[in-house]
Amino acid sequence: MKPIFSYLFAIGFLCVSTAHGLQEVTEFDSQQLEFFESKVRPILVDRCYDCHGPDASPVEGSFSMVSRKNIIAGGDTGPGMVPGHADQSLIIKAIRYDDVYEMPPDTKMPDKEIEILTRWVEMGAPWPSQTDVDVEIKTGFDLNARKKEHWCWQTIKRYPVPKIEQSDWPRDPIDHFVLRKLEKSGLVPNRNAEKRILIRRLYFDLIGLPPTPKEIQRFVEDDSSTAWETVIDELLDSPHFGERWARHWMDLIRYAESGGHEFDYAIPHAWRYRDYLIRAFNEDVSYKQMVHEHIAGDLILNPRRHRTEDYNESVLGTGFWFLGEAKHAPVDSRLEEAMTIDNQIDVMSKTFLGLTVACARCHDHKFDAISAEDYYALSGFLQSSRRQEAMLDPGRKIEKAFEKIQRLKTEANRLTASMIAEIRGMDQDLLAEYLHASMVLLRKNPSWLRTGAAVFEAESLRKYEVTAGKVEVQRLRRQKNIAWQGDQHLWWRDGKQGDSWTLPFSVPTEGTRVYEIRAVFTKASDYGKAEITVNGKKADTEFDFYSPRLTNTGEVSLGVFELDQNNEIKFVLNAPNERAAGNQMVGIDYLKLVPIEDSAETKRSAIVATAQQFGLGSDELQDFVNSVLTSGFENTDHPLNCLFLASTHRGDVNQNFANQLFEKVEKSQKAHDQWVNQSTPFQTFDQGLPKNWFRTGFAFDSSNDDAVQFSAVTDWIKPKGILSSGSNGGRFYGVVRSPTFELKNSHVHYRVRGNNVTVRLIINGYVMDDFNALLFRGCKLLLK
């Protein structure tokens, strides 16, 4: 069979391609050459010749662009162009910023210039024949040859101890090699140093501090054969030994306690890594163990533990990855991620390998035998990792509490399962009696229907009245450890003594309820004193909002108040603080309404009385009420949701109310269905935590995911699709992380409820929005 060739005919030239190279016979007409000279060559000279032109020294990547043949031949990364095929040509991919290469590196070419070069390659890359000089085709860097040639890649060999003339000088085999070199050069060793000099050298070498006169004298006067060893042992036992040598290690891994750049934000917990190093040197941890802990200390199955506090030491070593410079708001987060990873690879390879692996980011290394493929394998490893704060748990107190909770949950699940079996076998008329009694109880005691604290962002309270001045939303930047929710507050300015500011707010539940009101206010040098009232009742204290620097009050209590659906909070400016400058401003971050619950004794008395009224068992009625009060009852898909709605209803429970109830449920269900149909679910939790998600800490423990839930949340009333951090109680810390995914939509919606919960969207590894969100505003959701 004859070989098959592909022929591409175009006006003015003929190009024949083979699988392994290019053999061309080219002829270009005057129009094509004119296009090259007027359109293409100016772009090459202006955009490319600084690094790849005739005067470039050295030519970057061994890729010269002085002729067509040079461009086709390419450089370290292979052929640069396939004439007639722009999409297959490396130079076109590079100027489009398609893949790894982005040329020119400083800024992308205008679209018009990219279009010209693309058209030129598609035309077959016309070039005047008289200037298309014949050049030798460059080949890639020979890594294997480099490994064979350079001494650092050779297998370690044991050489025989050389013979020497002055045989009484060496004290160990290494001295023989040193003395052999000296004798070959006609040199002799220096005489032994005096003891005063020796002890100073020893102190500076081991602990970096000079000996005291008393320590020098003691060593000089010690004539025993173990005097030298005694001092060495003392210095190795000194805490200053770890401090001295940890400093050298920290220099290698570019230790710093802040991120540099413009605002130089602090790196959280950096000092823990520093102290970890000092302890490791003082405890003589092996180099092998140190490397393991630095590279993957979070994955060690049996980690090294702190000697006295018994927490995980190994995980602290991984902190070195994140001690580099960080920008507070990178415009190009993908580029910032690449720069961060490049720094991490550079530091890791220099510290632990003694190699400059980062040079292989753009091409195979010219000195160390490292390929670009090796570099991007490391880059992929780091790109799949994310910064996270670890739980140290000194004394394993959290771990022990968790184990205790597991034992309690096992017993609670057993009892609850028994109760479920009993209820399921109950006579239906009797079951209806218990449900009726539960509804009566809850309608008489609406405060039992605890829905958690309600938080009002002040800037959402847009209706207000002022007797003077102006109210507006003001942006506030984080001040060290002080921050405002959403980085803003509601601000009243230009008021004077006696002026007032009234803010209406609504409570979501019907009827009168008792709440403790908490709030966060702003303090600064030009803020004043104010009297605060809620529905005409004074707060527990008068507030002075003066501070010499910008800060806030933290969450403070205004007192306990009875609230209806519609309420108001009022500020009246008092006499100005003598230290305040000029204005008497007021700023508020948020209000929090915390419902005041009845005591357990009061609840129990009401339950016993109602049980007697209906002729029912008080313990069984208690179980029914607890089921309604369990988290999730207010959800429309909860089996007892209708009972909850009836309990909160203030009118008669009749057929008219029943119809309204069913309409409400149906409307809610339609709205939910519409939201589902218009949204693309990223992840649901119908089957618990998906296998490709990551979990740390104890809050989201999976050991009882399939069991009956704690606090009588049974498998038949538990809302579906919810991942709860409270399955082991409300005091455990934990983190759940999704796998990496591509952002394809303009919005990401979270369905989250709780207190002290943070949801963070990490974009290309960016986490600096803790300090200053700027371009990444909205990537962090905080529920207090």
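Please treat every number below as a calculation from the coordinates, not as lab data. Quick caveat, the model's predicted, so the values are computed rather than measured. Neighbour counts run over all protein chains shown; Cβ positions are idealised from the backbone, glycine included.
GluC sites (Glu not before Pro), restricted to the range 247-287: which are DSSP loop and have at most 13 other Cβ atoms within 10 Å?
Here the sparse-neighbourhood loop sites are Glu262, Glu283.
Between Ala519, Asn481, Ile569, whose Cα lies farthest towards the positive end of the dipole of the range 480-615 when Lys and Arg beta carbons carry +1 and Asp and Glu beta carbons carry -1, centred on the Cα centre?
Farthest towards the positive end: Asn481.
Read phi for every residue in the range 483-494 and hand back ³J(HN,Hα) as whole Hz from Karplus 6.51 cos²θ - 1.76 cosθ + 1.60, θ = phi - 60°, with x for Gly and Pro.
Values per residue, Gly and Pro as x: 9, 10, 4, x, 6, 7, 8, 9, 10, 10, 10, 6 Hz.
Run the numbers on the range 217-306 and let me know its relative contact order in percent, using alpha-carbon pairs under 8 Å that are six or more apart.
The value is 26 percent.
Which whole-Hz ³J(HN,Hα) couplings does the range 346-358 yield from phi under the Karplus relation 6.51 cos²θ - 1.76 cosθ + 1.60, θ = phi - 60°, glycine and proline marked x?
Result, rounded to whole Hz: 4, 5, 4, 6, 5, 6, 9, 10, x, 10, 9, 5, 4.
I need to check one value: relative contact order of the range 113-225, counting alpha carbon pairs closer than 8 Å and at least 6 residues apart, in percent.
Once divided by the residue count of the range 113-225, the mean separation gives 11 percent.
Could you compute the net charge surrounding Ser371? Neighbours are other residues with a C-beta less than 14 Å from the C-beta of Ser371; K and R count +1, D and E count -1.
Here the count lands on -2.
Between Arg171 and Gln31, how many nm apart are label points set 7 Å from Cα along the C-beta direction?
The two pseudo-label positions are separated by 8.8 nm.
So which lysines can Lys163 reach, going by Cα to Cα under 18 Å and dropping same-chain residues fewer than 8 places off?
Cross-link targets: Lys181, Lys184.
Quick one: net charge around Pro210, please, counting Lys, Arg +1 and Asp, Glu -1 for every other residue with C-beta under 14 Å from its C-beta.
In short, +3.
Can you compute the FRET efficiency between Asp526 and Phe263 using 1/(1 + (r/R0)^6), with r the Cβ-Cβ distance and R0 = 25 Å? Round to the nearest 0.05.
With R0 = 25 Å, the Cβ-Cβ based efficiency is 0.55.
Name the residue farthest towards the positive end of the dipole of the range 81-236 from the options Ser167, Val178, Pro211, assuming +1 on Cβ of Lys and Arg, -1 on Cβ of Asp and Glu, about the Cα centre.
Of the candidates, Ser167 comes out farthest on the positive side.
How far is it, in nm, from the label point at Arg218 to the one at Ile482 when both lie 7 Å from their Cα along the line to the Cβ?
Spacing of the two 7 Å Cα→Cβ label points: 5.0 nm.
Past 32 Å, Cα to Cα, is the threshold; run Lys523/Lys780; Lys538/Lys780; Lys327/Lys463; Lys523/Lys603; Lys463/Lys603 against it and keep the listed order.
From Lys523/Lys780; Lys538/Lys780; Lys327/Lys463; Lys523/Lys603; Lys463/Lys603, over 32 Å: Lys538/Lys780; Lys327/Lys463; Lys523/Lys603; Lys463/Lys603.
Straight distance only, please: which lysines reach the Cα of Lys93 with their own Cα at less than 17 Å, same-chain residues fewer than 8 apart left out?
Lys108, Lys112
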